[in-house]
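The values are calculated or read from the model by the stated rules, or taken from the named source; none is laboratory data. These numbers come from a predicted model, not from an experiment. Here the Cβ is made from the backbone with ideal geometry for all residues, glycine too, and neighbour counts use every protein chain on show.
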Amino acid sequence: MDLNIIIENKNDYYKLATHYLKKIEGIELEADFDEIIPKSISILLDHDFIPAPCIEIRLELLKDQKTISDYFLYVDENKEFVDEFLIA
């Protein structure tokens, strides 16, 4: 996994995570939160149930300037979906 490519394309990774977040069935972004904040991009080297290594992209979801949830998207080095979590 090439760190320089990840660093150079960090905005693309955040856009990808936002795209996947908006595809979650049953969630209405406008009703539930009013702002999505890009928080971090990490390389996950080892995990019990997520195939690793992979890239973890974290978004923070705000409503009235308060954090109400975090979204985590996991992709492989080809930006292909591995897993996702929405934590309230």
For this session: State yes or no: is residue 41 at pLDDT 90 or above, touching a helix residue (DSSP H, G or I) at 6+ places or on another chain (Cβ under 8 Å) and surrounded by 14 or more Cβ atoms within 10 Å (Cβ to Cβ)?
Result: yes
For this session: Please enumerate the residues belonging to segment 52-68 that are surrounded by fewer than 17 Cβ atoms within 10 Å (Cβ to Cβ) and in a strand (DSSP E or B).
Result: 60, 62, 63, 66, 67, 68
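Out of 49, 81, 72, 85, I need the residue that is of a type outside the set (Gly, Ala, Ser) and surrounded by 18 or more Cβ atoms within 10 Å (Cβ to Cβ). Which one?
72
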Exercise. Just one of 48, 83 is acidic (Asp, Glu) and either part of a strand (DSSP E or B) or touching a Ser or Thr at 6+ places or on another chain (Cβ under 6 Å) (or both); which is it?
Worked result: 83
